[in-house]
Amino acid sequence: MNNLICQHCKKTHPLNEKIWQCTACKGFLKINFKPKFPLNKIKQRKPTLWRYREAIPLDHDKNIVSFAEGFTPLLPITINKKTVFIKQEQLFPTGSFKDRGTTVLMSKIKELGIKQVIEDSSGNAGSSIAAYAAKAGITAHIYVPEHASPGKLVQIQAYSAKLHKIKGSREDTAAVAMKAAEKIFYASHRYNPWFFQGTKTFAFEVTEQLGWKVPDAIILPVGNGSLLLGTYIGFQELLDAHIISKLPKFIAVQAENCSPLYDAFKKNLNTTTKITKKDTLAEGIATADPIRGTELLMIIRETKGTVIIVSEQEIKQAWQDMAKQGYYIEPTSAAGTAGVKKYVSKSKNNEIIVSAFTGHGLKTTSTIQSFFK
Ligand SMILES: *Cc1c(COP(=O)(O)O)cnc(C)c1O
Ligand SMILES: [Zn+2]
């Protein structure tokens with residue numbers, strides 16, 4: 001039975017209802033759908049994330065909003081003398097992995113006949129929604145904190161989205177957007193379940209690129225966890241389909257200056273509490289209050305993973321190490337790499353480790369410039 005199910009009160013809703021949270025209790029919605037993986041067909045298709053078409057619950061191909069994105073290279077990179085596979089998610093059309101979620105979310109929005117959406121973000125999710133809305137002919141209202149990277153703000157406006165700059169913190173921006181979402185459909189990478197139907201393809205691609213083998217560990221920079229949560233869904237689906245026989249360990253990396261997940265993990269708590277954060281170079285993961293903290297903690301514990309924190313100095317060092325190897329990444333992504341560096345110094349030699357460069361450096365020149373002063 002295909003439907004939306006509330007993770008909290010368990011009420012079910014029709015799959016194509018125009019909602020993004022449970023109408024009874026405001027709980028998160030999960031998509032109930034049985035994916036299929038016809039491996040022989042998949043192999044012959046173009047290298048985009050839409051090659052897993054039978055695993056994406058969209059009714060009609062004509063609604064696909066796509067720039068032929070995905071199937072990003074999985075490159076072996078040496079970190080601390082060990083080889084780690086790093087997925088080049090900075091190569092997506094708008095410069096971050098957010099396009100993975102957005103192509104599916106925006107396609108569904110088009111299918112539902114919705115003409116206007118809102119989104120709030122520190123920049124990359126906003127740029128992504130703005131680009132795909134432009135392609136689909138949908139109006140996007142994007143809410144951002146006024147201190148977001150100028151490169152990201154320009155990009156959002158360039159796609160002709162309506163940019164709303166909000167004074168105060170990322171959390172203040174979220175509150176204003178939430179109010180606006182009472183009237184306009186919320187294309188949220190944090191709340192909307194369709195977004196995760198896109199980010200889950202990260203797991204499919206990694207598995208296919210490793211020869212339909214599951215890695216031992218997935219290490220990702222985590223703010224709200226939209227990539228980590230999607231990746232978990234993806235691996236779970238591959239496990240249910242008997243394509244893989246175990247889940248990888250999920251390892252989240254946070255900046256020491258903003259680490260609600262780490263704090264809760266260390267204290268053995270089942271849920272995160274809102275923290276007071278300090279400024280960090282890793283603006284893309286500067287989330288003081290991850291709304292899906294409970295789910296994230298559950299996944300990390302269930303898979304015997306962990307949470308790693310990295311200092312500002314370690315982020316900068318990791319950024320420089322990668323730049324020296326020819327990778328121009330967003331400092332947020334370098335936080336992930338700094339976490340990988342810490343992890344491999346203690347890991348077993350034969351482990352297959354996968355991480356990601358989540359965003360491109362070109363948008364964050366203003367931050368990167370400060371490394372050379
Ligand atoms: C959004 C983003 C992240 C973190 O994603 P979450 O969904 O908040 O965990 C990491 N890196 C970059 C470049 C991002 O844009
Ligand atoms: Zn509910």
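No lab work stands behind these numbers, since they all come straight from the coordinates. All values derive from a computational prediction rather than experimental measurement. Neighbour counts run over all protein chains shown; Cβ positions are idealised from the backbone, glycine included.
Some values worked out for this structure:
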{"read-out": "Loop sites in the range 150-243: GluC sites (Glu not before Pro), DSSP, at most 12 other Cβ within 10 Å", "value": "E182"}
{"read-out": "Label point distance in nm, E171-L91, each placed 7 Å from Cα along Cα→Cβ", "value": "3.9 nm"}
{"read-out": "Long pairs among K152/K277; K46/K316; K200/K363, criterion Cα-Cα beyond 31 Å", "value": "K46/K316"}
{"read-out": "Length gained when the stretch K62-K278 is fully extended (0.36 nm per residue, less Cα-Cα span)", "value": "73.2 nm"}
{"read-out": "Total lysine pairs under 22 Å (Cα atoms) in the range 81-131, excluding pairs fewer than 8 apart on one chain", "value": "4"}
{"read-out": "Radius 9 Å from Cβ of E314, net charge of other residues (Lys, Arg +1; Asp, Glu -1)", "value": "+1"}
{"read-out": "Fewest-first ranking of S169, S370, S96, using other Cβ atoms within 10 Å as the exposure measure", "value": "S370, S169, S96"}
{"read-out": "Alpha-carbon centroid distance for the pair the range 86-102 / the range 8-67, whole angstrom", "value": "19 Å"}
{"read-out": "Estimated distance in nm for a label pair at F372 and Q44, the labels positioned 7 Å out from Cα along Cα-to-Cβ", "value": "5.0 nm"}
{"read-out": "Distance in nm between pseudo-label sites at T139 and N3 (7 Å out along the Cβ direction from Cα)", "value": "3.4 nm"}
{"read-out": "Chymotrypsin sites (Phe, Trp or Tyr not before Pro), loop per DSSP, at most 16 other Cβ atoms within 10 Å - longest free stretch of the chain", "value": "68-211"}
{"read-out": "Estimated FRET transfer efficiency (K324, A158; beta-carbon r; R0 22 Å; 0.05)", "value": "0.10"}
{"read-out": "GluC sites (Glu not before Pro) within the range 104-169: DSSP coil, no more than 15 neighbouring Cβ in 10 Å", "value": "E146"}
{"read-out": "Shape call, the chain: gyration tensor on alpha carbons, a/c limit 1.5", "value": "rounded"}
{"read-out": "In the range 238-325, trypsin sites (Lys or Arg not before Pro) in a DSSP loop with at most 16 other beta-carbon atoms within 10 Å", "value": "K246, K267, K274, K278, K304"}
{"read-out": "Net length gained if the chain between A180 and A24 were fully extended (0.36 nm per residue, minus Cα distance)", "value": "54.2 nm"}
{"read-out": "Between the range 167-184 and the range 291-345, the Cα center-to-center distance that results, in Å", "value": "28 Å"}
{"read-out": "Cα gyration tensor shape of the range 40-137, rounded if a/c is under 1.5, else prolate or oblate by comparing a/b with b/c", "value": "oblate"}
{"read-out": "MRE, 222 nm, helices only [DSSP H, n ≥ 4, -39500 (n - 2.57), over the chain, to nearest 500]", "value": "-10500 deg cm²/dmol"}
{"read-out": "Net lengthening on full extension, N16/K34 (0.36 nm per residue, minus Cα-Cα)", "value": "4.9 nm"}
{"read-out": "Under 18 Å from the H147 label point (7 Å along Cα→beta-carbon), backbone N, the range 329-373", "value": "331-332, 364-371"}
